[in-house]
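Below is one structure, written out as structure tokens; comments come after it.
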Amino acid sequence: MFTRHIAALATVLLMGTAPLAQAADKPTDPQIAHIAYTAGTIDIEAAKLAIKTSKTKEVVDFAKDMERDHEAVNKQALDLVKKLKVTPEDNATSQALSAAAKEERAKLAKLEGAAFDKAYVENEVAYHKQVNGALETLLIPSASNAELKSLLETGLKIFQGHEQHAEHVAGMLK
Amino acid sequence: MSKRQLWIALVLVFGTSPVQAETIQVTIDKLVFSPATVEAKVGDTIKWVNKDVFAHTATVKGGWEVMIPPKATASLTLQKAEAVDYFCRFHPNMKGHLAVTAP
Ligand SMILES: [Cu+2]
């Protein structure tokens, strides 16, 4: 089970749009809520590191945008699970995301100046791309509650916007 | 003043602004500007009504920018005739178009 989840996630993360897995591997709504919330938290933590570390206005502004938006999405997610009386359930996908993020943060924490800016922004592009893929191919199609699905769809648009925003900032750093 | 002169005077006073400036509302809901395309005249006001919990902007590349806070409205009175594409700087996948013509 654990490995299958990891494999499914890896597929989503690597291929982005690859058609995914069997119905048996579909995450449940409590798991989806947990994954979405975790994905937001990861980006908030990366943003906090960037706000603390970067000296570049564009990068700090971008990080503040990430922090603000993902906090807003996560607040909506919390309000929704409360309303639906759903308890987010930890799962292998959330754990894999957190583990990968921890590694990335450790890498970033060793950098400073232009090297940090570049690595942070490039990771933001890649990370948003990955989460977009997971939302599109796995999380949104698997969600059974209509309100959860709708929140994920808004989340997808936010993440797609952030991906473009990150690409723009990456272009400015060059 | 002859009748004809009076008539001309009236035209001069009232005739130059025959239409009232309008306020045109653009709603933002779930990262979508709607309507996405707006036709307006110089002097009209665009009022963006943001239903999202996210801050957005209406930004014209190399031109003006309007900040639109979450759950709030922001307005811009159109100063010149121009046709512009605008987008949200925070979420560049949000796009709108504004065609402003002389009054
Ligand atoms: Cu926006």
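The values are calculated or read from the model by the stated rules, or taken from the named source; none is laboratory data. No experiment lies behind these values; they were computed from the predicted model shown. For neighbour counting, all protein chains shown are included, and Cβ atoms are generated from backbone atoms with ideal geometry for every residue, glycine included. Calculation scope for accessible area: heavy atoms of the full protein, side chains included, ligands and nucleic acids excluded. Shrake-Rupley method; radii C 1.70, N 1.55, O 1.52, S 1.80 Å.
Charged side chains reduced to their Cβ positions (Lys and Arg at +1, Asp and Glu at -1) give segment A:10-160 a dipole of some 220 debye around its Cα centre.
Please sort by residue number the trypsin sites (Lys or Arg not before Pro) in segment A:44-82 whose DSSP state is loop and whose Cβ has at most 16 other Cβ atoms within 10 Å.
Working: sites: A:Lys48, A:Lys52, A:Lys55, A:Lys57, A:Lys64, A:Arg68, A:Lys75, A:Lys82; in loops: A:Lys55.
Those satisfying the criteria are A:Lys55.
Using the beta-carbon distance between A:Glu58 and A:Ala106 and R0 = 25 Å, what value does 1/(1 + (r/R0)^6) give for FRET efficiency, to the nearest 0.05?
On the way: r = 24 Å, r/R0 = 0.98.
Calculated value: 0.55.
Relative to the longest principal axis of chain A, what angle (0 to 90°, nearest 10) does the C-alpha long axis of helix A:92-109 take? Between the helix axis and the principal axis of chain A, the angle is about 10 degrees.
For the chain pair B and A, the interface hides roughly 1200 square angstrom of accessible area in total, found with a 1.4 Å probe.
Per residue, how much accessible area does chain A have with a 1.4 Å probe, in Å²?
On the way: 8700 Å² over 174 residues.
Per-residue value: 50 Å².
Specify the inter-centroid distance of segment B:41-75 and segment A:61-90, based on alpha-carbon positions, in whole Å. Each part reduced to its Cα centre gives a spacing of 24 Å.
Mind checking the mean number of beta-carbon atoms from other chains within 10 Å of the Cβ atoms in B:84-94? Walk me through the numbers before you get to the answer.
Details: counts 0, 0, 0, 2, 3, 5, 11, 11, 8, 9, 4.
Whole-number average of other-chain Cβ neighbours for B:84-94 is 5.
The alpha-carbon of A:Lys110 sits under 22 angstrom from the alpha-carbons of these lysines, leaving out residues fewer than 8 places away in its chain: A:Lys48, A:Lys52, A:Lys55, A:Lys57, A:Lys64, A:Lys102, A:Lys118, A:Lys174. Counting only protein heavy atoms and using a 1.4 Å probe, the accessible area of A:Asp29 comes to about 20 Å².
Given DSSP loops and a limit of at most 16 other Cβ atoms within 10 Å, what is the longest stretch of chain A that contains no such GluC sites (Glu not before Pro)? Here the longest run is A:1-88. Considering only alpha-carbon pairs that sit under 8 angstrom and 6 or more positions apart, the relative contact order computed for chain A is 35 percent. Given a 1.4 Å probe, show me the residues in segment A:68-83 buried by at least 20 Å² of accessible surface when comparing the whole protein assembly to the chain alone. Listed by number, the residues meeting the 20 Å² cut-off are A:Arg68, A:Asp69, A:Ala72, A:Gln76.
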